[in-house]
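Only the coordinates and a few stated rules stand behind these numbers; no lab work does. Quick caveat: nothing in here was measured; it's all calculated off a predicted structure. No Cβ is skipped: glycine too gets one built from the backbone with ideal geometry, and neighbour counts run over all protein chains shown.
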Amino acid sequence: MPTPHDLCPVTWDGDAVRYLDQRRLPHDVRHERARSVEEIEAAIKTLAVRGAPAIGVFGAYGVALLRDLIADDEAFRAAAQRVREARPTAVNLAWAVDRVLAASNMLAEAKEIHREQIAMDEAMADAGLDLIPKNARILTHCNTGPIATAGGGTALGVIVAAQRAGKKPHVFVDETRPLLQGARLTYFELQQAGIDATLQVDGAAAIAMQRQHIDLVIVGADRIARNGDTANKIGTYGLAVLAAHHGIPFYVAAPRSTFDFAMRSGDEIHIEERAPEEVTAFGGTPVAPTGAAVYNPAFDVTPGHLVTAFITEYGVVKPPYAETIAALELRPRFSALI
Ligand code: MRU
């Protein structure tokens, strides 16, 4: 059984950024070292490192490393830009790279971002605990645990806190097509935490809400606009519609760094579209007819009015989001509070 240290998704390794290759989980726990812009960019693009906060931490260390490796300022800026743009939807990546670029000591700033993420995840877990009833039956999507944040997790962090508080949650895990972050990573993390779980195909969410007494849905986020519109893994929007239909609360757990205060609504969010092979093949084996046309958005946008509340490191943020998210923007930097 791997230890939590074995599963640390990102660590600074002196002359490299060490990362857990999430594509191989759960059956192969393997770490790699990224030592160049090509390796850093490839790790993010191929989802070897994934999850909005984790790619932020990885990008931060990556840029600090590149500053050491690339003496020429212009070449360094171009390399940092490549890292910043490796994935477009999760705002945490650009946010973390910009923070490191603005710092006088880039490595110290990257370490601070990582330290803050761990503290933010703990605070989110505390903030969300009261929303989880005893013996809650919870539906979640994608992967939002330690592997996805380089801390304790966002949505999954709240669930783990509920387990530690003796609430005995039972989690219904969407497998999360097409890359199976739910089946491969979330189920694995729940097993590690000793939490009861049931795996289901994404299409089973509706009948699970109808027949399995789901009490709440909780997910993470990749980018949240000022009005509460939330980009998250493809399939999340459908879950929110279903939850509204069934009168089930729909929570989003995300740190303030996932809020994009410059965006007025989700219409402005760039949705990453990925390779057709992710859909036409399964585990590397082609399944669809050759030449099948594919639409493969990696994320969708849940309208803010379908989100019951956001769980942040500053506490629970409820509607009306135009006011409460504006107030969140004005809160002091989290590091000043810890
Ligand atoms: O494409 P991925 O696997 O990076 O997408 C990740 C998600 O959508 C997560 O739900 C999100 O980043 C929340 S993270 C803790």
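Could you list the square roots of 5 times each eigenvalue of the Cα gyration tensor of segment 176-291, that is, the equivalent ellipsoid semi-axes, sorted largest first and rounded to whole Å?
Here the semi-axes work out to 24, 22, 15 Å.
Considering the Cα positions of the chain, please state its Rg to one decimal place and its Dmax as a whole number of Å.
19.0, 61
Report the full-extension gain for the segment Glu273 to Asp130: residue separation times 0.36 nm, less the Cα-Cα distance, to one decimal in nm.
47.8 nm
Remind me, relative contact order of segment 120-337 in percent, using alpha carbon pairs under 8 angstrom and six or more residues apart?
Reported relative contact order: 22 percent.
Run the numbers for Gln81 and Ile207: contour at 0.36 nm per residue of separation, minus the present Cα-Cα distance, in nm. All intermediate terms of the calculation are to be shown ahead of the outcome.
Working: separation 126, 0.36 × 126 = 45.36 nm, distance 4.43 nm.
Between Gln81 and Ile207, full extension yields 40.9 nm more.
When only C-alpha pairs under 8 Å and at least 6 residues apart count, what is the relative contact order of segment 261-338, in percent?
Averaging sequence separation for qualifying contacts and normalising by length gives 23 percent for segment 261-338.
Applying 1/(1 + (r/R0)^6) with R0 = 25 Å to the Cβ-Cβ distance of Asp73 and Lys111, what FRET efficiency is obtained, to the nearest 0.05? Don't skip to the end; give the middle numbers.
On the way: r = 23 Å, r/R0 = 0.91.
So the FRET efficiency works out to roughly 0.65.
Please tell me the relative contact order of segment 10-115 in percent, rounded to the nearest whole number, where contacts are Cα pairs under 8 Å and at least six residues apart.
For segment 10-115, the relative contact order is 26 percent.
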